[in-house]
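This report refers to the structure that appears directly beneath it.
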Amino acid sequence: MRNGVVVDIGGSGTRIGAVVDGRVVGVHGAEVATAEDLAGVIRAVDPSPSGVGVSVSGHVDADRGVIEASRAAAWAEGPMRSQLVALLDTPVSVIGHGDAHALALTQLPGVEFGGIAISLGTTLSFGALNRHGALIHPCGHTGWDLGHWRLVVDGGTTEAWWGLGGHGLYDLEREHGDGAAEIYAHRVGSFVVDAVQLFRPRTVLLTGGIVVGLGEALHGPVAEQLHTLPHTIPAPRVVFSPSRDTALFGAAVAAGLAMPAVR
């Protein structure tokens, strides 16, 4: 098992941690604004890592290690993998936030594949695994972007990246106060039902800062919405991640620094 460093660049900032014997440890925030900054904080964690895994919120071409667009970190756009390889002289993996969350499913014992991961934070990220636990890729060269999926909502922005992200939740809290969580949870459940009908997963991972923050307030409404699935589609198991650092676990898998859990 190789040791190394994993990084998650998202809407709430950059998180970084070490991978030691397959486990992500010492996770903390970092201030970065250039590839050189990122290389510096990676070296501060491990002066000579055997590998580096980077997860980025946005449109990522993982095959080429290129970040095509990122609302969270415009500074990171471009050939991030080749830049980091030149700066660190070590293998580097760069994948999209949604794919990282999907790969984190492989770290959970007893999970039945296929699976989908929906990350709810500043914005929305999505990833999917086939029945063998391997990433499913769309027809294009970047990862899934379901952020422009239309939601059925009463007023406000109907695109999922906003309506299911921090902006949409804030809008609901401003308008409905304590009732916002339940409205938001039903909104999440509706999106999950649509995604389940498209991908037919056996497991759904809900993760991200909003999921951690709202906790059990999501459970009942999401389960209620799943009861609306057509009878021909089995309801999946829904896993609510307790961690804000789920993408780091998937980045470790993508970089070959962590192995899937034994099933």
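The values are calculated or read from the model by the stated rules, or taken from the named source; none is laboratory data. Every value quoted in this text rests on a predicted model; they were computed, and no experiment measured them. Reconstructed Cβ throughout: ideal geometry from the backbone, glycine too, with neighbour counts over all protein chains shown.
Mind counting the residues in segment 107-139 that are of a type in the set (Val, Ile, Thr) and in contact with a helix residue (DSSP H, G or I) (Cβ under 6 Å, 6 or more places away or on another chain)? Give the derivation first.
Step one: filter segment 107-139 for residues of a type in the set (Val, Ile, Thr), giving 111, 116, 118, 122-123, 136.
If we keep only those that are in contact with a helix residue (DSSP H, G or I) (Cβ under 6 Å, 6 or more places away or on another chain) too, we end up with 111, 116, 122-123.
Qualifying residue count, segment 107-139: 4.
If I ask for residues that are hydrophobic (A, V, I, L, M, F, W, C) and either under 13 Å from the mean Cα position of the chain (by Cα) or modelled with pLDDT under 90 (or both), which ones from segment 109-128 would you list?
Correct list: 116, 117, 118, 120, 124, 126, 128.
Look through 151, 229, 206 and report the one residue that is modelled with pLDDT of 95 or more, at negative phi and buried (at least 17 other Cβ atoms within 10 Å of the Cβ).
Unique residue meeting the criteria: 206.
From the list 214, 172, 226, 164, pick out the single residue that is touching a strand residue (DSSP E or B) at 6+ places or on another chain (Cβ under 8 Å), farther than 23 Å from residue 58 by Cα, among the aliphatic types (A, V, I, L, M) and not assigned by TED's automatic domain parsing to the domain that holds residue 12.
Among 214, 172, 226, 164, only 226 is touching a strand residue (DSSP E or B) at 6+ places or on another chain (Cβ under 8 Å), farther than 23 Å from residue 58 by Cα, among the aliphatic types (A, V, I, L, M) and not assigned by TED's automatic domain parsing to the domain that holds residue 12.
Take the residues in segment 121-132 that are crowded, with 17+ Cβ neighbours inside 10 Å and touching a Phe, Trp or Tyr at 6+ places or on another chain (Cβ under 9 Å), then tell me which one is nearest to residue 71 (Cα to Cα).
If we take residues in segment 121-132 being crowded, with 17+ Cβ neighbours inside 10 Å and touching a Phe, Trp or Tyr at 6+ places or on another chain (Cβ under 9 Å), then 123 is nearest to residue 71 (Cα to Cα).
Taking only pairs six or more apart or across chains, which ones have beta-carbon atoms under 6 Å, a first residue in segment 248-262 that is at pLDDT 95 or above, and a second residue that is assigned to a helix (DSSP H, G or I) and crowded, with 24+ Cβ neighbours inside 10 Å?
Sorted first by the residue in segment 248-262, then by its partner, the pairs are 249/104; 250/100; 250/101; 250/103; 250/104; 251/100; 253/103; 254/103.
When you go through (1) buried (at least 18 other Cβ atoms within 10 Å of the Cβ); (2) without any contact (Cβ under 8 Å) to a residue 60 or more places away in the chain; (3) of a type in the set (Gly, Ala, Ser) one by one for residue 195, which number turns out not to apply?
Residue 195 satisfies all of (1) buried (at least 18 other Cβ atoms within 10 Å of the Cβ); (2) without any contact (Cβ under 8 Å) to a residue 60 or more places away in the chain; (3) of a type in the set (Gly, Ala, Ser) except (2).
Check segment 72-91 and report whether any residue there is surrounded by fewer than 19 Cβ atoms within 10 Å (Cβ to Cβ), in the same structural domain as residue 43 (by TED's automatic domain parsing), in a strand (DSSP E or B) and under 17 Å from the mean Cα position of the chain (by Cα).
No, because not a single residue in segment 72-91 is surrounded by fewer than 19 Cβ atoms within 10 Å (Cβ to Cβ), in the same structural domain as residue 43 (by TED's automatic domain parsing), in a strand (DSSP E or B) and under 17 Å from the mean Cα position of the chain (by Cα).
Going through segment 160-180 one residue at a time, which ones are more than 17 Å from the chain's Cα centre (by Cα) and either among the hydroxyl-bearing types (Ser, Thr, Tyr) or not in a helix (DSSP H, G or I) (or both)?
170
Identify, from the list 173, 159, the residue that is among the acidic types (Asp, Glu), surrounded by fewer than 24 Cβ atoms within 10 Å (Cβ to Cβ) and under 16 Å from residue 11 (Cβ atoms).
Within the list 173, 159, the selection yields 159.
Which one is farthest from residue 213 (Cα to Cα), of the residues in segment 240-253 that are among the small types (Gly, Ala, Ser) and buried (at least 22 other Cβ atoms within 10 Å of the Cβ)?
Filtering segment 240-253 down to residues among the small types (Gly, Ala, Ser) leaves 241, 243, 247, 250-252.
Next, from what is left, pick out any that are buried (at least 22 other Cβ atoms within 10 Å of the Cβ): 247, 250-252.
Working: 247: 16, 250: 21, 251: 22, 252: 24 Å.
This residue is 252.
Given (1) touching a Gly at 6+ places or on another chain (Cβ under 9 Å); (2) more than 14 Å from residue 250 (Cα to Cα); (3) touching a residue at least 24 places away in the same chain (Cβ under 8 Å), where does residue 20 come up short, assuming only one miss?
(3)
Looking only at residues that are over 22 Å from residue 213 (Cβ atoms) and small (Gly, Ala, Ser) in segment 107-120, which one is surrounded by the fewest Cβ atoms within 10 Å (Cβ to Cβ)?
Within segment 107-120, the match that is surrounded by the fewest Cβ atoms within 10 Å (Cβ to Cβ) is 110.
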